[in-house]
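Right, one structure below, let's go through it.
The values are calculated or read from the model by the stated rules, or taken from the named source; none is laboratory data. Predicted model, so just to flag it, every value in this text is computed and none were measured. Reconstructed Cβ throughout: ideal geometry from the backbone, glycine too, with neighbour counts over all protein chains shown. Note: areas computed on protein heavy atoms with side chains; ligands, DNA, RNA excluded. Shrake-Rupley method; radii C 1.70, N 1.55, O 1.52, S 1.80 Å.
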Amino acid sequence: MALSASTTLPYSVAQVTETFTEEAFLRHTSELVGGNLESATVDGSVDGAFTLTVVRKIPTTRLPDLAKKMLGETLTVTQTEQWQAPETDGSRTANVAVKVAGAPVDVKAVQKLVADGTSTRVDLTGDVSSSIPFLGGKIAAAAEPMLGKALKLQASEAEGWISGRTK
């Protein structure tokens with residue numbers, strides 16, 4: 001199932017990158033959806049190429065009943081982002097992989113932070129797949145809009161987060 005979402009933030013790529021990788025911000029967005037941030041690790045300097053690994057526990061309350069019965073009350077989600085060094089205009093690209101413990105859902109995506117004057121366009125494209133025979137397509141189709149909503153939530157919260165710091 002194809003994943004595609006885009007939004008624009010009125011801040012520089014550097015400010016957006018810093019926010020998207022800050023543990024306090026990651027904890028905040030996790031808690032907004034009723035989850036918990038288990039860990040956030042940055043390997044390398046965010047000024048260059050680096051890897052961000054985020055582990056969250058999130059509730060299954062928004063999943064269909066069948067999925068909740070199979071998966072339990074919470075999911076452990078590990079998101080790994082391999083960020084490239086900034087381009088000459090400051091734009092960034094990250095290869096994103098999401099694994100859900102105990103669930104046959106796989107997400108592979110590319111997130112781009114594109115410098116656009118004093119703003120940053122956040123583009124996410126990728127694929128959501130599930131390896132369950134016969135049901136995999138339905139599971140992936142259910143996961144795709146939730147991931148799009150997660151990007152929108154991340155972006156809207158990042159805008160407020162950065163705005164609160166620049167005042």
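Among all residue pairs at least 6 apart or on different chains, which show Cβ distances below 6 Å where the first residue, located in segment 106-120, is farther than 17 Å from Gln79 by Cα and the second is open to solvent by 80 Å² or more (accessible area, probe 1.4 Å)? Here the result reads Val114/Arg121; Ala115/Asp89, each pair linking segment 106-120 to a residue that is open to solvent by 80 Å² or more (accessible area, probe 1.4 Å). In segment 84-107, which residues are modelled with pLDDT of 90 or more and within 23 Å of Lys57 (Cβ to Cβ)? Within segment 84-107, Ala94, Val96, Ala97 meet the criteria. Just one of (1) surrounded by 15 or more Cβ atoms within 10 Å (Cβ to Cβ); (2) touching a strand residue (DSSP E or B) at 6+ places or on another chain (Cβ under 7 Å) fails for Ser4. It is (1). Only one of the numbered conditions (1) open to solvent by 20 Å² or more (accessible area, probe 1.4 Å); (2) touching a Leu at 6+ places or on another chain (Cβ under 9 Å) is violated by Thr60, and that is (1). Within segment 80-95, the residues that satisfy the criterion of being within 12 Å of the chain's Cα centre (by Cα) and crowded, with 18+ Cβ neighbours inside 10 Å are Glu81, Ala94.
Conditions tested, residue by residue: (1) without any contact (Cβ under 8 Å) to a residue 60 or more places away in the chain; (2) in contact with an Asp or Glu (Cβ under 6 Å, 6 or more places away or on another chain); (3) surrounded by fewer than 17 Cβ atoms within 10 Å (Cβ to Cβ); (4) basic (Lys, Arg).
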| position | (1), (2), (3), (4) |
| --- | --- |
| Thr8 | no, no, yes, no |
| Ser30 | yes, no, no, no |
| Ser39 | yes, no, yes, no |
| Asp43 | yes, no, yes, no |
